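The values are calculated or read from the model by the stated rules, or taken from the named source; none is laboratory data. Bear in mind the structure is a predicted one, so any value in this text is a computation, not a measurement. Backbone-built Cβ (ideal geometry, glycine too); neighbour counts: all protein chains shown. Heavy atoms of the whole protein, side chains included, go into the accessibility calculation; ligands, DNA and RNA do not. Shrake-Rupley method; radii C 1.70, N 1.55, O 1.52, S 1.80 Å.
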Amino acid sequence: MIPGELVGLRAREPEDAALFHAWNSDPETMLWWDRTYPPVPVPLQEERLRTVPSPSFDEPSFTITDLATGTAIGWCGLHHVSAEHRHAELGVMIGDAAYRGRGYGSDATRTLCRFAFDRMNLARVTLVVFAANAAARRAYEKAGFVEEGVQRRAAWKRGEWLDLVHMAVFTETLR
Amino acid sequence: MISGELVTLRARRPGDEEHAARWYDDPETTRWLLNDAGPYEIPAGMTTFADARFTVDDTATGTPIGTAGLVNASPEHRRATAFLVIGDAAFRGRGYGFDTMRTLCRFAFDSMNLAKVELEVLAGNDRAVALYERVGFVREVHRRRALWVEGEWHDEYLMGLFREELR
Amino acid sequence: MRYVADLVTLRSPEPGDAEHHARWFADPEVTRTLALRYPLSPDAVAQRVAEGTRPSFADRRFTVLANDTGAAVGYTALKGATPENRDAELDVVLGERSLWGRGYGTAATRATCRYGFDRVGLHRVHLWALADDARAVRAYERAGFVTEGRARDRIFKDGRWHDCLLMGLLAGELR
């Protein structure tokens with residue numbers, strides 16, 4: 001388990017399947033996720049989690065827990081990890097609504113970035129966020145992420161074209 | 001076959017590997033590639049929406065001069081990532097790259113019904129950036145220190161082009 | 001892929017290289033300093049060469065060509081690097097015995113390390129040399145390698161034990 005201040009990051013387990021399914025089905029959680037189709041049924045999700053590898057350089061994917069109680073509250077991970085270019089793209093989901101807006105998402109972001117820099121020896125962590133998701137952009141900026149540009153009309157969601165903002169952070173600018 | 005003014009884009013076929021080996025032996029070609037070129041892949045089946053990679057022929061002589069294509073196409077977001085390599089040095093700086101990219105984008109909009117074509121390019125590759133801008137691509141994202149190339153950190157651009165921007 | 005350096009060029013291995021490799025591995029003077037003990041069948045040589053045609057972060061192999069003639073003079077490899085530690089083990093084998101003593105070994109060492117640092121993004125390259133292989137040790141020292149330790153009786157070959165030197169080179173130290 002990788003401890004932050006409020007959250008812990010642990011390996012995903014088959015027992016997380018029902019929660020993952022609930023989060024991925026919740027319109028409020030999925031409001032700002034680029035996911036066109038509904039999630040796979042719980043048994044299939046459980047089967048997948050049984051076969052996913054333990055977190056590794058190529059697939060550092062975690063269940064976020066409340067450090068105080070151990071309750072699973074979300075998911076986070078790094079994608080497109082490049083060994084040569086030493087970068088990866090971050091994704092964080094706080095699925096349990098009770099934990100939103102209370103700093104858990106920011107702490108998970110920071111903990112995962114520290115993990116990327118200090119343990120994986122990466123140089124740069126990026127993320128992509130919907131331009132219209134002002135709250136997330138502010139939170140990422142507070143963590144030290146800097147906006148590097150706008151990918152114009154890059155996602156078709158809820159019947160309209162949406163812009164995506166690209167952000168990045170380096171070890172020396174992470175707050 | 002997809003015809004431009006100077007070039008023809010066609011399905012890759014056995015025999016192209018030998019040309020590709022020569023292209024990728026040229027340091028002038030590989031210095032701008034974002035990844036180590038593995039073996040030149042000849043898809044077993046047809047060119048598809050999901051895997052539209054072509055060999056580029058000089059139309060006048062039929063000589064294979066490079067490769068171009070569209071990968072990671074998303075049917076929901078209707079965009080794909082383009083790539084272009086003019087491997088034969090004799091065909092560089094003469095409008096073949098420009099014609100290839102324009103022809104490829106035409107194909108993306110008119111045949112694949114994509115709304116947008118995107119590409120990634122090393123920020124220091126001025127010739128390529130200028131070429132893409134002539135085609136109509138716009139720099140959208142400037143990724144700082146994104147790539148480790150030849151012992152230094154380099155910036156990278158994500159560029160994008162909509163149908164109405166194609167020139 | 002071709003990586004042009006002083007005196008030599010590194011190129012990606014090709015199936016046709018099996019022919020040179022078979023000849024080199026059949027030369028007892030060449031294998032004297034290698035870990036190789038048992039003769040290799042032609043199939044085994046072809047398989048080793050084929051393995052090298054798909055490079056990865058942890059396994060990059062090169063055929064070394066002499067710039068003046070274009071002929072293959074040997075092979076090099078950078079193996080075992082993890083993306084976190086970014087430390088690879090260097091192999092240098094100069095198979096073409098008629099070309100020994102002309103600086104190809106040092107040139108191939110330099111070119112391969114330069115590739116490792118500049119293209120792969122390695123932090124460190126190390127190697128194990130037979131302690132009594134003075135010619136090789138001198139070539140590595142010329143490239144900037146430093147002897148970091150001596151492993152006693154590390155290799156049993158030719159009826160006796162041999163000490164080995166651990167030599168290391170950090171990014172920025174290459175000469």
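At a 1.4 Å probe radius, carbon and sulfur cover how many percent of the accessible area of the stretch C:1-71? Can you show the working numbers first?
Numbers: 2120 of 3930 Å².
Here it works out to 54 percent.
What do the square roots of 5 times the Cα gyration tensor eigenvalues come to for the protein assembly as shown, in whole Å, largest first, as semi-axes of the equivalent ellipsoid?
Values: eigenvalues 374, 223, 81 Å².
Value: 43, 33, 20 Å, ordered largest first.
Can you give me the % of accessible surface on the stretch A:59-173 that is carbon or sulfur? Probe 1.4 Å, all protein chains present, nothing else counted. Please list the in-between numbers first.
Values: 2250 of 4460 Å².
The nonpolar share, carbon plus sulfur, comes to 51 percent.
Would you kindly derive the ³J(HN,Hα) couplings of the stretch A:22-30 from the backbone phi angles with the Karplus curve 6.51 cos²θ - 1.76 cosθ + 1.60 (θ = phi - 60°), listing them in order in whole Hz, with x for Gly and Pro?
Ordered by residue, 3J(HN,Hα) equals 5, 4, 6, 9, 7, x, 5, 5, 8 Hz.
Using the Karplus curve 6.51 cos²θ - 1.76 cosθ + 1.60 with θ = phi - 60°, what ³J(HN,Hα) values do you get for each residue of the stretch C:66-78, in whole Hz, with x for Gly and Pro?
Listing the rounded values in order: 6, 5, 6, 10, x, 7, 6, 10, x, 9, 9, 8, 10 Hz.
Please compute the contact order of chain A in relative form: average sequence separation of alpha-carbon pairs under 8 Å and at least six residues apart, divided by the residue count, as a percent.
19 percent
If each DSSP helix of 4+ residues adds -39,500 (n - 2.57) and the sum is divided by the residues in chain C, what number results at 222 nm, nearest 500 deg cm²/dmol? Display every interim value, and only then the final one.
Details: 5 runs with 44 residues, N = 175.
Here the helix-only value at 222 nm equals -7000 deg cm²/dmol.
At a Förster radius of 56 Å, what calculated FRET efficiency corresponds to the Cβ-Cβ distance of B:E17 and A:A68, to the nearest 0.05?
Details: r = 59 Å, r/R0 = 1.05.
Step by step, r from the Cβ atoms, then E = 0.40.
Out of the total accessible area of the stretch B:19-105 (probe 1.4 Å, heavy atoms of protein only), what percent is carbon and sulfur?
Numbers: 2010 of 3710 Å².
Result for the stretch B:19-105: 54 percent of the exposed heavy-atom area is carbon or sulfur.
Mind computing the radius of gyration and Dmax over the alpha-carbon atoms of the stretch A:1-116? Å is fine for both.
That works out to 13.7, 39 Å for Rg and Dmax.
Which distance in Å, rounded to a whole number, links the C-alpha centroids of the stretch A:79-128 and the stretch B:1-31?
That distance is 39 Å.
Please compute how much accessible surface disappears when C pairs with B, both sides summed, using a 1.4 Å probe, and round it to the nearest 100 Å². Present the calculation step by step, with values, prior to reporting the outcome.
Working: alone 9330 and 9060 Å², together 17380 Å².
Approximately 1000 Å², summed over both chains.
Accessible area per residue for the stretch C:44-93 in Å², computed with a 1.4 Å probe and the full protein assembly in place, what is it?
Working: 1960 Å² over 50 residues.
Value for the stretch C:44-93: 39 Å² per residue.
Excluding ligands, DNA and RNA, what is the solvent-accessible area per residue of the stretch A:1-160 at a probe of 1.4 Å, expressed in Å²?
Working: 7630 Å² over 160 residues.
Spelled out: the 1.4 Å probe surface of the stretch A:1-160, per residue, equals 48 Å².
For the stretch A:20-53, which trypsin sites (Lys or Arg not before Pro) are both in a DSSP coil and crowded by at most 13 other Cβ atoms within 10 Å? Please report the intermediate quantities before stating the final value.
Numbers: sites: A:R35, A:R48, A:R50; in loops: A:R35.
For trypsin sites (Lys or Arg not before Pro) across the stretch A:20-53 that sit outside H, G, I, E and B with at most 13 neighbouring Cβ atoms in 10 Å, the list reads A:R35.
Let me know the Kirkwood hydrodynamic radius for the stretch C:29-139, please, with Cα pairs as the basis and the value in Å to one decimal. Before the final figure, lay out each step's value.
Working: mean 1/r = 0.0671 Å⁻¹.
Hydrodynamic radius (Kirkwood, Cα pairs) of the stretch C:29-139 is 14.9 Å.
Only protein chains counted, 1.4 angstrom probe. Which residues of the stretch B:123-167 are at least 50 Å² less accessible in the assembly than when their chain is isolated?
Flagged in the stretch B:123-167: B:E140, B:V141, B:R144, B:R145, B:W148, B:E150, B:W153, B:F162.
Exactly which chymotrypsin sites (Phe, Trp or Tyr not before Pro) in the stretch B:4-83 are in a DSSP loop and have at most 16 other Cβ atoms within 10 Å?
On the way: sites: B:W23, B:Y24, B:W32, B:Y40, B:F49, B:F54, B:F83; in loops: B:W32, B:Y40, B:F49.
Sparse-neighbourhood loop chymotrypsin sites (Phe, Trp or Tyr not before Pro): B:W32, B:F49.
With unit charges on the beta carbon (Lys/Arg positive, Asp/Glu negative), name the residue among C:G70, B:V129, B:P14 whose Cα is farthest towards the positive pole of the charge dipole of the protein assembly as shown.
B:V129
Per the helix-only calculation at 222 nm, which mean residue ellipticity applies to chain A, given -39500 (n - 2.57) for every DSSP H run of n ≥ 4 and division by its residues, nearest 500 deg cm²/dmol? Before the final figure, lay out the partial values.
Details: 5 runs with 43 residues, N = 175.
The helix contribution divided over chain A gives -7000 deg cm²/dmol.
A drop of at least 10 square angstrom in accessible area, chain alone versus all protein chains together, probe 1.4 Å. Which residues of the stretch A:110-148 meet that?
Those are A:R119, A:M120, A:N121, A:A123, A:R124, A:V146, A:E148, which lose 10 Å² or more relative to the chain on its own.
With θ taken as phi - 60° and the coefficients 6.51, -1.76 and 1.60, list the Karplus ³J(HN,Hα) couplings across the stretch A:72-77 in order, rounded to whole Hz; mark glycine and proline as x.
In residue order, the calculated couplings are 6, 10, x, 9, 8, x Hz.
May I ask for the net charge around B:T59, where only other residues with Cβ less than 12 Å from the Cβ of B:T59 are counted and Lys, Arg are +1 while Asp, Glu are -1? Walk me through the numbers on the way to the answer.
Working: positive: B:R10; negative: B:E5, B:D57, B:D58, B:D99.
Result for the local shell: -3.
Within the stretch B:45-141, report the GluC sites (Glu not before Pro) that DSSP leaves as loop and that have at most 15 other Cβ atoms within 10 Å. Numbers along the way, then the final one.
On the way: sites: B:E76, B:E118, B:E120, B:E133, B:E140; in loops: B:E76.
Within the stretch B:45-141, the qualifying GluC sites (Glu not before Pro) (loop, at most 15 other Cβ atoms within 10 Å) are B:E76.
Give me the dipole magnitude in Debye, nearest 20, for chain C about the Cα centre, with unit charges on the beta carbon: positive for Lys and Arg, negative for Asp and Glu.
Numbers: 26 positive and 24 negative charges, 43 e Å.
Roughly 200 debye for chain C.
Taking only protein heavy atoms and a 1.4 Å probe, what accessible area per residue, in Å², does the stretch B:53-159 have with all protein chains in place? Please report the intermediate quantities before stating the final value.
On the way: 3970 Å² over 107 residues.
It amounts to 37 Å² per residue over the stretch B:53-159.
Write down the Kirkwood hydrodynamic radius of the stretch C:1-90, to one decimal in angstroms, obtained as one divided by the mean of 1/r over all alpha carbon pairs.
Computed over the stretch C:1-90, the radius equals 14.0 Å.
In the Gaussian network model of chain C, springs joining C-alpha atoms below 10 Å, which of C:A108, C:A46, C:A35 carries the largest mean-square fluctuation?
Highest fluctuation of the listed residues: C:A35.
Using Cα pairs under 8 angstrom and six or more residues apart, how large is the relative contact order of the stretch C:1-92, in percent?
Numbers: 139 pairs, mean separation 24.0, N = 92.
About 26 percent, as a whole number.
Just the projected area, averaged over all directions, of the convex hull on the alpha carbon atoms of chain B: how many nm²? Intermediate values should be presented prior to the final figure.
On the way: hull surface 37.6 nm².
So the mean shadow area of the Cα hull is 9.4 nm².
Please give the residues from the stretch C:72-118 for which the solvent-accessible area of heavy atoms, probe 1.4 Å, is smaller by at least 20 Å² with all protein chains in place than with the chain isolated.
C:P83, C:E84, C:R86, C:D118
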